[in-house]
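Colleague: To start, I am sharing the structure in question, which I have written as structure tokens.
Since every read-out is calculated from the coordinates, none of them should be taken as a lab result. From a predicted model like this one, the values you see are computed outputs, not experimental measurements. All Cβ positions, even for glycine, are placed from backbone atoms using ideal geometry, and neighbour counts span all protein chains on display.
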Amino acid sequence: MSFPSLGLSPSLVQAATGLGFATPTPIQAAAIPAILRGADLLATAQTGSGKTAAFALPLLQQLQEDHHAPKSLRALVLVPTRELAAQVGEVLRGLAKGLEQGLARQPKIAIVFGGVSINPQMMALRGGADVVVATPGRLLDLVEHNALRLSSVGLLVLDEADRLLDLGFAEELQRVLALLPARRQNLFFSATFPAEVQALADGLLRSPERVDIADAPATTPDITQRAIQVDERRRTELLRKLLADEGWSRVLVFVASKYAAEHVAWKLHKQGVFATPFHGGLSQGARTKVLADFKEGGWDVVVTTDLAARGIDIAQLPVVVNYDLPRSPVDYVHRIGRTGRAGEAGLAVSFVTPAAEAHFQLIEKRQGASVAREQLAGFEPQDSVPADLATAPGTGGIKGKRPSKKDKLRAAATAAGVK
Ligand code: AMP
């Protein structure tokens, strides 16, 4: 399979080659011809499988084919986080650069997200843009400021679609959808599509083509999973020992809260580890800098909340550690997908405390795979399972014990009769 055989123009093939893409990945081979045919698409593909180029290449080809059309916003790419907006926008810009000969003018790709001043984004949108990559909230702000109109959008892409269709974004997404023309092509991409989200997606797509390569062995990133049993209070010590013994060069450590990200990073830092926190409480400037420095090797350890779980592409990230387990099994898939990207091998290590054992079993069950439990000499767990978990086996452990913001929204929606 080659890029030209998928129906891509020579200049786009050249642009892909320019980014080092010699042959299409399976998601690209399956999605690109369908998108070029104008079909709606629901694509489930493992994270790191080349999803971005799978929609970016045909999107640019559509602009190229229609380059005599008056300048207007043609394609909208929605993403759930600011970092992902920047990342996807840069891939689009990188590919668009290679297109110069094929077009009367260079397509303008605007990247907009919250947490930074709106004024430069308004300035950048003056004179219009062909493609906007956006987080939903800032997009709506810009529409309200008359910096942008969505009535000419012919192609809508939802990247990490399950997150965008979830309740946390539901209201904003509905407002965006109401501003779009009814006649448009819709492309939904995600590594995971939980059943309730799938039903929502079905309501928005027009007889979609489905691409599901998540389970194909050739596309599953090479990620080894380990589960180490340890007492809660000894996790930082264990992490330090692993950092010292295992020779890990760069590690992304997931924790449950902003506070924990600060606290664990600070404890590691005090012990001489180049560690820094990353979470939604930091300014956007700080967030961008931490990620850029980490990508360039400036930090050995970044301690993060689930903010970094989705879509972020960090090349050569050999290890991900679940210091706290994620609340949902879906987030586990996204977290471990930060490693083992673009064909490299990766390692995902989960710390399993006695209290979290039942929850880890639930994660294993949802994944349909079991991970052997390990104990490290000197770190054998001494704690017993808390009484409330021990007396309520099979309740799913941590998840469901304490209602999350999402759980509360869901309960409120049910109470209000919203389906
Ligand atoms: P994504 O799933 O879009 O985040 O992409 C994961 C990684 O795969 C990125 O680092 C891309 O640069 C890389 N990639 C995407 N398509 C290809 C391809 N056809 N050949 C080689 N690498 C690719």
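Colleague: What ³J(HN,Hα) values, in whole Hz, does the Karplus curve 6.51 cos²θ - 1.76 cosθ + 1.60 give for region 151-162 when θ = phi - 60°, with x put for Gly and Pro?
Modeller: Coupling constants for region 151-162: 6, 9, 5, x, 9, 10, 10, 10, 9, 6, 4, 4 Hz.
Colleague: Restricting to DSSP H runs of at least four residues, report the calculated mean residue ellipticity at 222 nm for the chain, -39500 (n - 2.57) per run over all residues, nearest 500 deg cm²/dmol.
Modeller: -11500 deg cm²/dmol
Colleague: Among rounded, prolate and oblate, which fits the chain when a ≥ b ≥ c are the square roots of the eigenvalues of its C-alpha gyration tensor, a/c under 1.5 means rounded, and a/b larger than b/c means prolate?
Modeller: The shape class here is prolate.
Colleague: Here is a follow-up. Show the residues, 5+ positions off or on another chain, whose built amide H is closer than 5 Å to the amide H of Val349.
Modeller: Arg226, Val320, Val321, Asn322
Colleague: Could you give each residue of region 379-384 its phi-based ³J(HN,Hα) in whole Hz, using Karplus coefficients 6.51, -1.76, 1.60 with θ = phi - 60°, and x for Gly or Pro?
Modeller: 10, 4, x, 10, 5, 9
Colleague: A further question follows. Sorted by mean Cβ packing within 10 Å, highest first, what order do the peptides 127-135, 234-242 take?
Modeller: Packing proxy ranking, top to bottom: 127-135, 234-242.
Colleague: Kindly write out, for region 318-325 in residue order, the coupling ³J(HN,Hα) from the Karplus curve 6.51 cos²θ - 1.76 cosθ + 1.60 (θ = phi - 60°), rounded to whole Hz, with x marking Gly and Pro.
Modeller: x, 9, 10, 10, 8, 5, 9, 6
Colleague: Take each of the peptides 270-276, 52-58, average the number of other beta-carbon atoms within 10 Å over its residues, and list them starting from the highest.
Modeller: 52-58, 270-276
Colleague: For Lys108, list long-range residues whose amide hydrogen, built 1.01 Å from N in the peptide plane, is under 5 Å from its own amide hydrogen.
Modeller: Placed amide hydrogens put Asp130, Val131 under 5 Å from Lys108.
Colleague: Is the shape of region 1-97 best called rounded, prolate or oblate, per the rule: a/c under 1.5 gives rounded, else a/b larger than b/c gives prolate, else oblate, with a ≥ b ≥ c the square roots of the Cα gyration tensor eigenvalues?
Modeller: Cα axes put region 1-97 in the rounded bin.
Colleague: Right, something else. Give the shape of region 4-217 as rounded, prolate or oblate, defined through the alpha-carbon gyration tensor: a ≥ b ≥ c are the square roots of its eigenvalues, a/c under 1.5 means rounded, and otherwise the shape is prolate if a/b is larger than b/c and oblate if not.
Modeller: oblate
Colleague: Additional query: Got a sec? Charge dipole of the chain, +1 on Cβ for Lys and Arg, -1 for Asp and Glu; which of Val131, Ala147, Val303 is way out at the positive end?
Modeller: After comparing all options, I get Ala147.
Colleague: So, one more: Please list the non-local residues whose amide H lies under 5 Å from the amide H of Val251, H modeled 1.01 Å from N, same-chain partners needing a gap of 5 or more.
Modeller: Residues meeting the criterion, in which the H sits 1.01 Å from N, are Val301, Val302.
Colleague: Cβ neighbours within 10 Å, averaged per peptide: list 363-376, 75-88 in order, most packed at the top.
Modeller: 75-88, 363-376
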